[in-house]
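Chemist: The structure's right below; bear with me while I get my questions together.
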Amino acid sequence: MMFGSIVVSGMQMIANCGYNTRNVTIASLALSIGIGFTQTPAIFKIFPDLIKNVFAENCVAVVFIVAMVLNIILPKEEEE
């Protein structure tokens, strides 16, 4: 129930911002990469212990970082 509430809250936040291509791309890529990285923790074996401890088991941290980076680098859409 708790995780379902979190998902619905996230969907409401995206709906308030608008379902444009940029927002959907950021949300879908961040979730895909974040969940994918936690499913293959061997990716993190080349990183220092601090990075491994924070990101290898924590999907939320990976999703947050990916979403922040995508928000910065993807061009903003001009409103008409």
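Chemist: Consider the stretch 46-60. How many of its residues are at pLDDT 85 or above, part of a helix (DSSP H, G or I) and not β-branched (Val, Ile, Thr)?
Modeler: 2
Chemist: If you check Asn16, Asn53, Asn58, which single one turns out to be of a type outside the set (D, E, K, R), farther than 19 Å from Phe3 by Cβ and surrounded by 12 or more Cβ atoms within 10 Å (Cβ to Cβ)?
Modeler: Working: Asn16 fails: surrounded by 12 or more Cβ atoms within 10 Å (Cβ to Cβ); Asn58 fails: farther than 19 Å from Phe3 by Cβ.
The conditions single out Asn53.
Chemist: So, in the stretch 27-60, exactly how many residues are free of Cβ contacts under 8 Å to residues at least 24 places away in the same chain and either over 14 Å from the mean Cα position of the chain (by Cα) or farther than 21 Å from Asn16 by Cβ (or both)?
Modeler: Here the count works out to 22.
Chemist: Continuing with this model, one more query. I need a count of the residues in the stretch 61-77 that are in a helix (DSSP H, G or I) and under 18 Å from Thr21 (Cβ atoms).
Modeler: 7
The values are calculated or read from the model by the stated rules, or taken from the named source; none is laboratory data. All values reported here derive from a predicted model rather than from experimental measurement. With ideal geometry, Cβ positions are generated from the backbone for all residues, glycine too; neighbour counts draw on all protein chains shown.
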